[in-house]
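The values are calculated or read from the model by the stated rules, or taken from the named source; none is laboratory data. Note that this is a predicted model, so its numbers are computed, not measured. Ideal geometry is used to build each Cβ from the backbone, glycine not excepted, and the neighbour counts take in all protein chains shown. To get the accessible areas, we keep the full protein, side chains included, count just its heavy atoms, and leave off ligands, DNA and RNA. Shrake-Rupley method; radii C 1.70, N 1.55, O 1.52, S 1.80 Å.
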Amino acid sequence: MTEPRRARATEAFFGRRKGKPLRERQAAQIENLLPALRLDLKEPAPEDLSALFPAAVKRTRLEIGFGGGEHLIHRAAEDPSTGFIGVEPFVNSMAKLLRQIEAREIDNVRLYDDDATQVLDWLPPASIDQVDLLYPDPWPKRKHWKRRFVSKVNLDRFARVLRPGGLFCFASDIDSYVNWTLIHCRDHAAFEWTAEKSADWLTPFAGWPSTRYEAKARREGRGSAYLTFRRV
């Protein structure tokens, strides 16, 4: 069977890389702090990902497209026994998170500022306890749906890096993307939806901090769905 094509040209999951000019302090953090926290994909990944972090961690979570970083910094601060890998190609969003990491002296976060598929292909098999994909770009036009991060190829990637029983958590306020994700995960043998009743997907994840994306959706009259899938 022919392998699904994984060329970068077909995996433009994100749009622009930079917005407003960075302030001097932000630029300094990008130049000086980010290199210390950035994953080095030129080197083989350690078999035990706890080696990526200065303090001992018991679990590892991957957040893809962390936006302003509200969720990632909240989770990292509340659970120092978990190591977090955050991926975000948008420079201004990375700068916001770096400011929080420095101000709060967070040491259980590692970062990558390019395509998340590169990280997924670098990680060892069964090395991640949870993958978070929260309010990803919905690419609402049908002709752009192939750019949605949830796809058969990327679910294969999730299945490879997640430990048995590990979780894939997805949140969105776009109904078509919620349905898209449910269908793709339903059709993938490695995942089962954990919901048993409507409250399970209408209620935010435990300990959930509201994000600016969620606040915007509510202001515009859209509700959100919170989907959890287990690696079987």
Review point. Using θ = phi - 60° and the Karplus form 6.51 cos²θ - 1.76 cosθ + 1.60, what ³J(HN,Hα) does each residue of the range 61-67 get, whole Hz, x for Gly and Pro?
Key: 10, 10, 10, 9, x, 7, x
Practice item. For the range 84-93, just list the computed ³J(HN,Hα) in residue order, Karplus coefficients 6.51, -1.76 and 1.60, θ = phi - 60°, integers in Hz, with x standing in for Gly and Pro. Key: 10, 10, x, 10, 7, x, 7, 4, 5, 5
**Study point:** Using θ = phi - 60° and Karplus 6.51 cos²θ - 1.76 cosθ + 1.60, couplings along the range 205-217 (whole Hz; Gly, Pro as x)
**Key:** 4, 4, x, 5, x, 5, 10, 5, 5, 5, 4, 5, 4
Point to revise | Dipole magnitude of the chain about its Cα centre (Cβ charges: Lys, Arg +1; Asp, Glu -1), debye to nearest 20 | key: 940 debye
Check your understanding: So for the range 57-231, what percent of the C-alpha to C-alpha distances run longer than 21 Å?
Key -> 47 percent
Practice item. Please report Rg over Rh for the range 31-152, where both radii come from the alpha carbon positions and Rh follows the Kirkwood definition. Key: 0.96
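Largest first, what is the accessible-area ranking of Trp122, Trp201 with a 1.4 Å probe?
If we order Trp122, Trp201 from most to least accessible, we get Trp201, Trp122.
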Practice item. Given the options Ser210, Ser50, Ser81, state which has the largest fluctuation in a GNM of the chain using a 10 Å cut-off (strictly under) for Cα springs. Key: Ser210
Check your understanding: So how far apart, in nm, are the two label points at Ile183 and Ala215 if each is 7 Å from Cα heading toward Cβ?
Key -> 3.4 nm
Practice item. Of the options Leu182, Ala159, Trp139, report the single residue whose Cα projects farthest towards the positive end of the charge dipole of the range 107-232 (beta-carbon charges: Lys, Arg +1; Asp, Glu -1). Key: Trp139
Review point. Which percent, nearest 5, of DSSP beta bridges in the range 57-231 are antiparallel?
Key: 30 percent
Point to revise | Out-of-range pairs (alpha-carbon distance over 30 Å; input Lys42/Lys146; Lys143/Lys197; Lys58/Lys146) | key: Lys143/Lys197; Lys58/Lys146
Study note, to complete from the structure: Residues whose built amide H sits under 5 Å from the amide H of Gln130, excluding neighbours closer than 5 in sequence, are Thr60, Leu62, Leu167
Review point. Taking all protein chains as present, what is the carbon and sulfur share of the accessible area of the chain, in % to the nearest whole number, probe 1.4 Å?
Key: 52 percent
Study note, to complete from the structure: Within the set Glu63, Glu220, Glu78, GNM on the chain using Cα springs under 10 Å gives the largest fluctuation to Glu220
**Study point:** Accessible area in square angstrom per residue, the chain, 1.4 angstrom probe
**Key:** 52 Å²
Exercise for review: Would you pull out the residues with amide H under 5 Å of Ala195's amide H, same chain only if 5 or more places away, H placed 1.01 Å from N?
Suggested key: Thr228
Check your understanding: Picking from Gly207, Gly68, Gly165, which is most flexible by a Gaussian network model of the chain using Cα springs under 10 Å?
Key -> Gly207
Review point. Which value in nm describes the separation of the simple spin-label points at Asp48 and Asp79, placed 7 Å from the Cα toward the beta carbon?
Key: 2.0 nm
Check your understanding: How far apart, in nm, are the 7 Å Cα→Cβ label points at Arg230 and Ala56?
Key -> 2.8 nm
